[in-house]
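What follows is a set of notes on a single structure, which appears directly below.
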Amino acid sequence: MAVSTSFAGAKLEALFLKSSSSSSSSRASLSSQAPQISGKPIRSRKNLIQRGAVRCEVAASDVSLQTDKLSALEQLKASAADRYTKERSSIVVIGLSVHTTPVEMREKLAIPEAEWPRAMGELCSLNHIEEAAVLSTCNRMEIYVVALSQHRGVKEVTEWMSKTSGIPVSELCEHRFLLYNKDATQHIFEVSAGLDSLVLGEGQILAQVKQVVKVGQGVVGFGRNISGLFKHAITVGKRVRTETNIAAGAVSVSSAAVELALMKLPESSNATAKMLVIGAGKMGKLVIKHLAAKGCTKMVVVNRTEERVAAIREELKGVEIIYKPLTEMLTCAAESDVVFTSTASETPLFLKEHVKDLPPVSPKVGGVRLFVDISVPRNVGSCVTDIETVRVYNVDDLKEVVAANKEDRLQKAMEAQAIIAEESKQFEAWRDSLETVPTIKKLRAYAERIRVAELEKCLSKMGDDISKKTKRAVEDLSKGIVNRLLHGPMQHLRCDGSDSRTLSETLENMHALNRMFSLETEISVLEQKLRAKVENKK
């Protein structure tokens with residue numbers, strides 16, 4: 001399929017020469033980073049899943065001395081045919097998770113749920129991003145996109161993340177991981193199934209994936225590919241939990257926080273320690289429930305309103321739950337031995353100046369006040385750790401609690417991987433079937449134009465005195481003939497895994513129909529999309 005050189009010269013020049021002034025510095029930067037980026041061999045997905053390693057692969061091509069002498073536009077023209085005649089965009093995930101990134105960085109990248117539509121809109125306004133979704137939780141910040149160009153799409157998203165968080169691009173590259181197409185699909189399926197969670201098999205992540213779909217409804221950037229991916233991920237998450245029972249006995253982040261607090265307290269004080277929970281949202285409610293399950297019969301809950309606390313109190317009638325407003329937070333902290341924080345505040349609730357003058361806790365509970373912070377961004381500032389009579393724990397400190405629990409379900413995780421592999425094939429088959437959608441639409445439009453033209457000729461010959469009933473019968477006849485004629489070709493353009501037809505056979509049929517009915521155009525699908533983005537920005 002030919003590439004429009006006039007478009008490449010006029011439109012793409014503006015896009016890609018925009019960065020030509022910094023091209024020499026970019027090459028120098030790539031050269032200096034070679035040991036981290038292109039110097040090491042590419043690892044397989046199996047190795048990437050080993051959580052001790054940072055998943056960050058950047059698609060970078062070796063640049064020869066001769067290529068260095070070419071202008072950016074000449075390089076573009078030379079590679080345009082390869083880059084822009086592909087009919088299919090790429091699904092890419094750019095992520096930073098608890099496995100690769102410290103909480104200090106994740107909290108800067110965190111995007112509140114209310115801001116997800118805005119973020120998706122900004123991402124889709126980037127030149128090479130067609131669709132986008134944001135999955136931001138206490139353990140991960142992952143951006144899923146459909147990119148018209150893998151390399152340029154990743155570059156644009158990384159720069160956007162740097163701009164919104166204030167973290168330098170170089171620092172993001174040290175911790176991020178990149179996955180493309182089938183690997184990206186497998187990753188979101190693992191995430192939804194709880195296999196990528198700090199707490200293996202935990203169920204809250206499935207609810208968070210569902211929330212992405214709910215928030216994405218009506219957002220322009222949450223397109224067919226990304227919405228299909230997340231909806232399929234929900235199906236996978238449900239199926240894995242049903243068929244493997246991986247969530248049986250699984251601890252959540254909230255229950256791990258309670259376990260950690262009880263581990264740090266003297267065993268004799270577990271039932272008598274004064275507990276304070278700040279925040280009565282989903283995480284806070286789970287903390288309260290797990291405290292009650294561990295024998296805690298009295299606790300104070302600080303929240304913005306009393307409504308949620310009253311609902312929890314009604315649910316746990318055997319536990320004394322005392323509500324206090326946010327204005328009394330410091331007073332409540334002064335009277336507590338253990339403080340759990342789980343609010344959506346974007347700024348710390350506790351800083352050094354708030355905590356240093358709190359009265360000491362009883363020696364019976366170890367003489368140290370515990371802050372267990374499971375919020376991202378953190379509710380307890382890192383400066384609080386400087387106080388000798390205080391111990392602060394965050395979500396990254398929960399690993400010691402969940403390690404043993406994780407080992408118990410590794411066998412179930414292997415069973416889950418088999419399900420994920422099967423579902424990944426089904427999703428890829430569905431996505432492959434989208435390859436033929438443009439041809440199906442063009443063929444239907446072509447047939448409809450002929451039908452309408454021939455119908456008008458027929459009706460004109462029949463005269464003006466024919467009845468509406470006769471006109472409708474003739475029109476229905478023309479539609480029926482066209483639909484019957486198109487049925488066979490349409491069937492051979494579908495490849496959704498429901499029959500034995502392979503993708504290669506379907507694509508052969510598509511190209512044959514394109515040739516027979518002259519459905520092909522001179523401009524590739526990706527080039528048309530890129531042109532539309534440029535023109536929309538004018």
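The values are calculated or read from the model by the stated rules, or taken from the named source; none is laboratory data. As the structure is a prediction and not an experimental result, all values here were calculated from the model. Cβ placement follows ideal geometry from the backbone for every residue including glycine, while neighbour counts extend to all protein chains displayed. For accessibility, only protein heavy atoms count, side chains too; no ligands or nucleic acids. Shrake-Rupley method; radii C 1.70, N 1.55, O 1.52, S 1.80 Å.
The figures follow:
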read-out: For the range 228-267, the fraction of alpha-carbon pairs in successive 10 Å shells from zero, as %; value: 25, 29, 26, 15, 4, 0
read-out: Heavy-atom accessible surface of the range 95-162: percent carbon and sulfur, 1.4 Å; value: 52 percent
read-out: Charge tally in the Cβ shell below 11 Å around Lys298, where Lys, Arg are +1 and Asp, Glu are -1, Lys298 excluded; value: 0
read-out: Whole-number Å³ per residue for the convex hull built on Cα positions in the range 315-439; value: 243 Å³
read-out: Ranked by how many other beta carbons lie within 10 Å on average, peptides 440-452, 298-310 from highest; value: 298-310, 440-452
read-out: Sulfur and carbon atoms: percent of accessible area, the range 314-403 [1.4 Å]; value: 51 percent
read-out: Met283, Met120, ranked by accessible area, largest first (probe 1.4 Å); value: Met283, Met120
read-out: Cα lying deepest toward the dipole's positive end in the range 213-347, options Ala310, Leu229, Gly279, charges on Cβ; value: Leu229
read-out: Directionally averaged shadow of the range 199-276, computed from the convex hull of its alpha-carbon atoms, nm²; value: 7.5 nm²
read-out: Mean Cβ count within 10 Å, highest first, over the residues of peptides 176-185, 145-154; value: 145-154, 176-185
read-out: Kirkwood-based Rg to Rh ratio, the range 107-201, C-alpha trace; value: 0.94
read-out: Members of Lys264/Lys399; Lys294/Lys317; Lys210/Lys238; Lys108/Lys231; Lys274/Lys399 lying beyond 21 Å, as alpha-carbon distances in this model show; value: Lys108/Lys231; Lys274/Lys399
read-out: Cα gyration tensor shape for the range 260-334, rounded if a/c is under 1.5, else prolate or oblate; value: oblate
read-out: Area accessible to solvent at Asp476, 1.4 Å probe radius, in Å²; value: 90 Å²
read-out: Interchain or long-range residues, amide H under 5 Å from Lys274's placed H; value: Asp337, Val338
read-out: Integer Hz, Karplus 6.51/-1.76/1.60 couplings in order for the range 350-359, x for Gly and Pro; value: 10, 10, 4, 5, 7, 9, 4, 9, 5, x
read-out: Accessible area of the range 178-317 divided out per residue, in Å², using a probe of 1.4 angstrom; value: 41 Å²
read-out: Rg in Å to one decimal, and Dmax rounded to a whole Å, for the range 164-234 via C-alpha atoms; value: 13.9, 35
read-out: Heavy-atom accessible area per residue - the range 323-441, 1.4 Å, Å²; value: 48 Å²
read-out: Cα lying deepest toward the dipole's positive end in the range 290-431, options Thr347, Leu398, Cys296, charges on Cβ; value: Cys296
read-out: The range 233-371: mean projected area of Cα convex hull, nm²; value: 10.0 nm²
read-out: Arg313 accessible area, 1.4 Å probe, all protein chains in place, Å² to nearest 10; value: 80 Å²
